[in-house]
C-alpha cells in the first residue's frame, strides 16, 4: 500500500503509532512489524506527494528510535581498536544498490542469528545517482528493515566515497567541493554519522615528493573534516574516513600513509587544536571496484597484497591511533580471501558488486525484467561500450545503471521472488560475517557505542 496523502497515512497508523510533537510512540509493535512498516517504507519511497513521503520518513525514524534502533557513529568502537582494547574482526561495510528494503532485511536476519553488531550500511556518491536513492530514502529503507526484522541497537549508516572527482575539480574546483559539502550536509541530516571522504583522486604522482603528491588530498580531507565537526549533532562524534590511494590505481605505501597523516594533522590543527581527525584510512592493495569482467562475463581473479594491507593497518594503529586500513572493492574476491582480513588487522572491508550480482544472476530473477534492463542499457549506456567488449562484459560493467530506472519494477516483484532472492543474500551475508569474525560483536559494540537521542523534526500533518 502506498498512501497518497497524510490523512490516509494518519488513519493507517491509528492504534499502532502515536505522534506527540516530534516524538513517535509505538503502541502496537506487532502490527507495526507485520503490516504497517511495509506500507510506510513504500510510501516513503514512492508516494507522489512530497509531504506524504516526508511524513512517512519521519514516522519510520521516530518509530525506530522508540523501538531501540538508533543511528550511530562507530567512532567509539574504532577508537577502542586503535587503543588495542578490541581486535580479531573486520567490520563489513555493505553497499545496497537494489531492493534496499529486502536486502537490508537479509543483512539483519543474518546478523541476529550470530549476534553481529559491527556492520555498516553505506551508499557511495556515485551510487546515489544511478540507483536513485537519496540519503534519507536509503536511511529509511534500512531503518524500516531493522524494525521489520526486530533488530535492536546501533545502526551504522555511512556515506561511502564522498568523492571529489578529479575531472570536475579541474574544471571548477569550488563547485565540485561545494557539491560534496552539500551531500555531506544532506547525509548527516538523514542520520549518516559515518562519512568516508575520498579526495584520493587528487593525488598527483607527478610531484617530486610524496608529501607534495598527497598535498591536495590531505588539505581537502582536513577541510571537509572540519565541516563535518561543525555539523555533527550534539553528543555524536561522526566517524570520518580518509583515503590515500585511489582504488584501481597503484598500491599504497607506508610512506604515503605518513605523508598524508602528517599533512592532514597539521592542516586540521589550523582549524582547531581539539578537532577529532579520521578514524581509519582507505588504501589500495590491488582490487578494482566491481572486479574485472572477462569475455564470458566471469570475473578475473585478483591478487590482493595482504602483506601491504597488514603493514598499513599496523602503522595506522601504532603511529596514529586509527582503527586500521580499509579495503575497498572486495565483494568479488574468492571466499578464501575473507578469512585473511581479520588476520591482517584490516579495520573495515567494503562490499557492493557481489550483492548486485546475486540479485541479477539469481535463478529467481525474472528473465523478462533482466532483458528489459539490458535493452535499456543498449540504448542509454551505449557510449560506455569499449571496442572488443563482449555482450557479457558490457552488461556486467553497466547493469548497475539500470537499477535506478527500474527501481519500482524491482520493488514490485512478487513477494515469493523477493523472498527467494533475499534467502540467497542472507546466506552470503552469513558467510561473510563468519569469515570476517564479526559474530558476537553486538556486546562489544554496545560497550563502546552509546545511544544518543538526536531530535527529529515533527512529522507534518500527523500529530
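Values in this text are rule-based calculations from the coordinates and carry no lab data. Predicted, not measured: the structure shown is a model, and the values here were computed from it. Positions of Cβ are backbone-derived with ideal geometry, glycine not excepted, and every protein chain shown enters the neighbour counts.
Quick notes on this one:
- Ranked list, fewest to most other Cβ atoms within 10 Å of each Cβ, for 26, 119, 452, 283: 452, 26, 119, 283
- Cα-Cα separations in region 6-66 greater than 17 Å, expressed as whole percent: 28 percent
- Value of relative contact order over the chain, rounded to a whole percent, pairs C-alpha under 8 Å and six or more apart: 23 percent
- Spatial separation of Cα centroids for region 34-113 and region 382-461, in angstrom: 11 Å
- Spacing of the modelled spin labels on residue 367 and residue 269, each 7 Å from Cα toward Cβ, amounts to 6.6 nm.
- In terms of the mean number of neighbouring beta-carbon atoms within 10 Å, the peptides 97-103, 185-191 order highest first as 97-103, 185-191.
- Prolate is the label for region 101-237, because a/c, from the alpha-carbon gyration tensor with a ≥ b ≥ c as root eigenvalues, is 1.5 or above and a/b exceeds b/c.
- Theoretical ellipticity at 222 nm over the chain - DSSP helices of four or more residues, -39500 (n - 2.57) apiece, nearest 500: -15000 deg cm²/dmol
- Potential lengthening of the chain between residue 134 and residue 382 amounts to 86.7 nm, from the contour at 0.36 nm per residue minus the alpha-carbon distance.
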